[in-house]
Amino acid sequence: AQSVTQLGSHVSVSEGALVLLRCNYSSSVPPYLFWYVQYPNQGLQLLLKYTTGATLVKGINGFEAEFKKSETSFHLTKPSAHMSDAAEYFCAVSLLGSSASKIIFGSGTRLSIRP
Amino acid sequence: GAVVSQHPSWVICKSGTSVKIECRSLDFQATTMFWYRQFPKQSLMLMATSNEGSKATYEQGVEKDKFLINHASLTLSTLTVTSAHPEDSSFYICSARGRQGLKSSYEQYFGPGTRLTVT
């Protein structure tokens with residue numbers, strides 16, 4: 001079975017600083033990995049996803065994530081934080097490509113941006 | 001990309017009543033639909049998975065008699081919360097996976113969510 005662990009329920013950075021949100025996964029087979037963002041009282045928005053191929057994945061709003069199989073990690077980064085990045089971020093895993101697959105979410109990390 | 005809608009976006013109901021939430025795939029055929037629940041400041045927890053024309057498969061700990069799921073067509077799934085109680089107040093999000101024309105996709109597309117408040 002797959003699972004996802006997000007380290008740090010709350011991360012606070014200054015505007016303009018590097019954003020790093022950590023995610024580690026557990027899967028018996030090569031997983032598909034996702035990062036979603038959720039703004040208050042709204043649904044989910046897909047930031048980026050890794051399926052196969054290049055391990056560095058670029059997403060929307062300047063975010064990127066790198067799949068590191070040896071570390072079973074898929075950390076999310078952004079070089080320079082904006083106030084508008086304040087939101088809840090979810091890492092998720094799936095065995096996409098399997099008819100029995102479903103997306104399982106991590107516990108989430110709330111990102112706060114200090115002026 | 002594929003679009004999934006939910007209706008209503010928010011609903012308030014009295015304790016003991018039932019409420020139905022609809023999830024529709026607007027431009028693709030949803031062969032599989034998923035229902036998630038999100039309590040305030042928590043993550044999304046998968047409640048059940050349904051395939052069109054089949055009974056839903058519920059995750060451990062989810063009461064199937066309380067959360068009735070119907071997936072009668074390739075574009076519509078409904079979640080009915082029966083005899084709702086205040087502890088059922090939550091954000092319910094559906095997700096769908098399926099095909100557009102002859103092309104199948106295993107990607108899951110998420111609806112905007114429905115906020116249920118039981119008073």
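The values are calculated or read from the model by the stated rules, or taken from the named source; none is laboratory data. Bear in mind that the values here come from a model prediction, so they are computed numbers and not experimental data. Ideal geometry is used to build each Cβ from the backbone, glycine not excepted, and the neighbour counts take in all protein chains shown.
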Notebook entry, point to check: When you go through A:LYS78, A:LYS69, A:LYS49 one by one, which is the residue that is in contact with a helix residue (DSSP H, G or I) (Cβ under 6 Å, 6 or more places away or on another chain) and not hydroxyl-bearing (Ser, Thr, Tyr)?
Noted result: A:LYS78
Margin query: I want to confirm something. Restricting to the stretch A:23-45 and keeping residues that are away from chain B (no Cβ under 14 Å) and touching a Ser or Thr at 6+ places or on another chain (Cβ under 7 Å), which single residue is nearest to A:ALA1 (Cα to Cα)?
Written below: A:SER26
Next item on the list: Output the residues belonging to the stretch A:1-19 that are modelled with pLDDT of 95 or more, assigned to a strand (DSSP E or B) and loosely packed, with under 14 Cβ neighbours inside 10 Å.
Entry: A:HIS10, A:SER12, A:SER14
Notebook entry, point to check: Restricting the search to the stretch A:37-59, which residues are over 30 Å from B:TRP10 (Cα atoms), modelled with pLDDT under 90 and surrounded by 12 or more Cβ atoms within 10 Å (Cβ to Cβ)?
Noted result: A:THR51
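Answer with yes or no whether A:PHE34 is surrounded by 16 or more Cβ atoms within 10 Å (Cβ to Cβ), under 18 Å from A:SER94 (Cβ atoms) and either in contact (Cβ under 8 Å) with a residue 12 or more places away in the chain or touching a strand residue (DSSP E or B) at 6+ places or on another chain (Cβ under 7 Å) (or both). Outline the logic, then answer.
Values: surrounded by 16 or more Cβ atoms within 10 Å (Cβ to Cβ): yes; under 18 Å from A:SER94 (Cβ atoms): yes; either in contact (Cβ under 8 Å) with a residue 12 or more places away in the chain or touching a strand residue (DSSP E or B) at 6+ places or on another chain (Cβ under 7 Å) (or both): yes.
Here the answer is yes, as A:PHE34 does meet what is asked.
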Notebook entry, point to check: Here are B:ARG37, B:ARG99: which of them is within 14 Å of chain A (Cβ to nearest Cβ), within 24 Å of A:ARG110 (Cβ to Cβ), among the charged types (D, E, K, R) and part of a strand (DSSP E or B)?
Noted result: B:ARG37
Notebook entry, point to check: Given the conditions (1) of a type outside the set (D, E, K, R); (2) within 14 Å of chain A (Cβ to nearest Cβ); (3) touching a Gly at 6+ places or on another chain (Cβ under 9 Å), and given that B:GLN60 satisfies all but one, which numbered condition is not satisfied?
Noted result: (3)
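Among the listed residues B:THR49, B:THR75, B:THR117, which satisfies the condition of being farther than 30 Å from A:SER112 by Cα and touching a residue at least 40 places away in the same chain (Cβ under 8 Å)?
Details: B:THR49 fails: touching a residue at least 40 places away in the same chain (Cβ under 8 Å); B:THR117 fails: farther than 30 Å from A:SER112 by Cα.
It is B:THR75.
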Item checked: the stretch A:20-31, residues that are buried (at least 18 other Cβ atoms within 10 Å of the Cβ) and part of a loop (DSSP other than H, G, I, E, B) -> A:PRO31
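Every residue, every condition in (1) at pLDDT below 90; (2) within 10 Å of another protein chain (Cβ to nearest Cβ); (3) farther than 30 Å from A:TYR32 by Cα, yes or no:
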| site | (1), (2), (3) |
| --- | --- |
| B:GLU107 | yes, yes, no |
| B:GLY111 | no, yes, no |
| B:ARG115 | no, yes, no |
| B:THR119 | no, no, yes |
